[in-house]
Amino acid sequence: MAKTPSSMLPLGTQAPQFSLFDPVNNKTVNFNEHHDNTATVIMFICNHCPYVKHVNHELTRIAKDYMKKDVLFLAINSNDINHYPDDSPENMKKTAQLMGYPFPYLLDETQEVARAYQAACTPDFFVFNKNNQLVYRGQLDDSRPGNNIDVNGNSVREALDCILSNQAVPQNQKPSLGCNIKWKE
């Protein structure tokens, strides 16, 4: 496990579009410019990472709080499942059911989506406005395993609250920190 920070994709970047398989519901989910949500949160996560395990309950909580406010949440697992079988589609389904994920948990088997988003670690968060422009990227909050700071999602919540109240999202944003994405060789 290499402790890796977010790459911090430039603000204003247009959301890369994708079509990925959801092993939980056994269907394909398309994310494209034609959705009409007020905001979209793209999360790169996986099953085995201790940093993701540390925030898992908040991922469910924050999604439930904001989905009813017209925010779309999509989680993506881009790890090499051949070398990291804990992140297999079967285990993705188990994790999603155990955690009660209210959002699709998608498999990026080719890793093309992670590359398009310049995702570097798990967890890594990207928030887009209704025009699919990146307004936030980085950490969920200041909590990390072992630092005794409560997991509360404040960084992502602040960005979403700004979008929902038509205010500018603060541009002083901290990178996430987690396990590196397990790239294929």
In the stretch 109-148, residues that are under 12 Å from the mean Cα position of the chain (by Cα) and among the charged types (D, E, K, R) total 2
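For the stretch 30-41: of the residues being outside any loop (DSSP other than H, G, I, E, B) and either small (Gly, Ala, Ser) or modelled with pLDDT under 95 (or both), which is nearest to residue 150 (Cα to Cα)?
Step by step, filter the stretch 30-41, then rank; the result is 39.
Every residue, every condition in (1) modelled with pLDDT under 95; (2) within 24 Å of residue 183 (Cβ to Cβ); (3) not β-branched (Val, Ile, Thr), yes or no:
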| position | (1), (2), (3) |
| --- | --- |
| 43 | no, yes, yes |
| 48 | yes, yes, yes |
| 52 | no, yes, no |
| 64 | no, no, yes |
| 77 | no, yes, yes |
| 87 | no, yes, yes |
| 99 | no, no, yes |
Checked pairs for the stretch 57-70, first on the phi > 0 side of the Ramachandran plot, second among the hydroxyl-bearing types (Ser, Thr, Tyr) and assigned to a helix (DSSP H, G or I), C-beta under 8 Å and 6 or more apart or across chains, list as none
Checked the stretch 96-123 for anything among the polar types (S, T, N, Q) and surrounded by 23 or more Cβ atoms within 10 Å (Cβ to Cβ); matches are 122
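Of all residues in the stretch 138-185, which are small (Gly, Ala, Ser) and either under 30 Å from residue 84 (Cα atoms) or in a loop (DSSP other than H, G, I, E, B) (or both)?
138, 143, 146, 153, 155, 165, 168, 176, 178
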Being surrounded by fewer than 18 Cβ atoms within 10 Å (Cβ to Cβ), of a type in the set (A, V, I, L, M) and more than 18 Å from residue 18 (Cβ to Cβ) narrows 149, 163 down to just 149
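Here is a yes/no grid of residues against (1) without any contact (Cβ under 8 Å) to a residue 12 or more places away in the chain; (2) of a type in the set (Gly, Ala, Ser); (3) buried (at least 17 other Cβ atoms within 10 Å of the Cβ); (4) more than 18 Å from residue 141 (Cα to Cα):
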| site | (1), (2), (3), (4) |
| --- | --- |
| 3 | no, no, no, no |
| 8 | no, no, no, no |
| 18 | no, no, yes, yes |
| 23 | no, no, yes, yes |
| 30 | no, no, no, yes |
| 35 | no, no, no, yes |
| 41 | no, no, yes, no |
| 73 | no, no, yes, no |
With the first residue restricted to the stretch 77-88 and required to be assigned to a helix (DSSP H, G or I), and the second required to be crowded, with 23+ Cβ neighbours inside 10 Å and modelled with pLDDT of 95 or more, Cβ contacts under 7 Å at 6 or more apart or on different chains are 86/47; 87/46; 87/47; 87/77; 87/79
Here the qualifying pairs (Cβ atoms under 8 Å; residues six or more apart or on different chains; first in the stretch 108-122 and part of a loop (DSSP other than H, G, I, E, B); second hydroxyl-bearing (Ser, Thr, Tyr) and modelled with pLDDT of 95 or more) come out as 108/78; 111/78; 119/78
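The values are calculated or read from the model by the stated rules, or taken from the named source; none is laboratory data. If you're wondering where the values come from, they're calculated on a predicted model, not measured in any experiment. We place every Cβ from the backbone using ideal geometry, glycine too, and count neighbours over all the protein chains shown.
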